[in-house]
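The values are calculated or read from the model by the stated rules, or taken from the named source; none is laboratory data. Keep in mind that this is a model prediction, so the values were computed, not measured. Every residue, glycine as well, gets a Cβ built from its backbone with ideal geometry; the counts of neighbours run over all protein chains shown. Note: areas computed on protein heavy atoms with side chains; ligands, DNA, RNA excluded. Shrake-Rupley method; radii C 1.70, N 1.55, O 1.52, S 1.80 Å.
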Amino acid sequence: MQESRLSRPVIGLLAAIAGVCVLTAFAAMVPVGARKLLLFSVAFGLCAGGIVLWAAREFGLARRWAVCLTVPLVLGGLSLIAVQGHRQLRAERAEAAKADPQQAMALGILEAAAESDPQLAADLDRRRREQDPAFADYLALRVSPLGEWPQPWPTLFWGAEMLLAGAAGGLLVFRRLRAAQEPVEQEP
């Protein structure tokens with residue numbers, strides 16, 4: 001019988017990474033409207049933590065490695081999901097702009113007039129951001145159910161949301177693996 005070239009903990013590490021990648025791919029397909037603020041991120045963090053926990057138990061991955069792996073996997077996964085949401089928003093807005101060619105012509109006229117009028121230039125910039133939103137605009141749209149927040153608050157909220165999700169996943173792994181390693185007290 002031939003021995004495996006990779007040790008069991010390395011296989012566990014790779015299994016955890018692959019599992020969280022699959023989770024991220026499926027989570028990115030969830031419609032943007034169904035991704036509830038804070039709840040979606042924490043649920044993602046707990047699911048990713050559960051995958052890492054399974055891999056740690058199944059393949060003997062050390063607790064410290066499992067916890068250290070969970071947080072970046074959660075942060076990376078949520079970042080990729082946000083990038084995908086931003087792409088979806090840009091695609092929807094581009095499709096809407098193609099459907100209205102008169103608006104494109106009006107923007108061309110406004111660009112010529114905006115050179116001498118600062119207020120018109122600001123309005124033109126707002127219209128451009130609506131048609132081609134930046135990532136910060138996407139983050140502001142995410143928190144719009146909570147009200148109109150100026151930058152940098154939407155970005156800070158997203159960062160706090162990601163840290164909370166990473167902490168939830170890491171804490172799940174840490175506590176469950178610590179509980180599994182503690183000796184069981186026997187009653188006399």
_Give me a comma-separated list of calculated 3J(HN,Hα) values for region 68-76, in order, Karplus coefficients 6.51, -1.76, 1.60 applied at θ = phi - 60°, integers in Hz, x for any Gly or Pro._
5, 7, 4, 4, x, 5, 5, 5, x
*asked:* Can you give me the solvent accessible area of W158 with a 1.4 Å probe, rounded to the nearest 10 Å²?
replied: 40
*Quick one: what does P(r) look like for region 1-68 with 10 Å bins over all Cα pairs, in whole %?*
20, 42, 25, 10, 3, 0
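Let me check I've understood the local charge: for T70, count other residues with C-beta under 13 angstrom from its C-beta, Lys and Arg +1, Asp and Glu -1. What total comes out?
Net of charged neighbours comes to +4.
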_Cβ-based net charge around P9, under 13 Å, with every Lys or Arg adding one and every Asp or Glu removing one_ = +3
*Anisotropy class of region 139-182 from Cα gyration tensor, a/c 1.5 cut*: prolate
*Just the Cα atoms of region 47-104, one point each, no solvent: what log10 I(q)/I(0) does Debye give at q = 0.16, 0.17 Å⁻¹?*
-0.61, -0.64
*Run the quick spin-label model on L163 and Q102: label points 7 Å from Cα toward the beta carbon, then report their separation in nm to one decimal.*
4.9
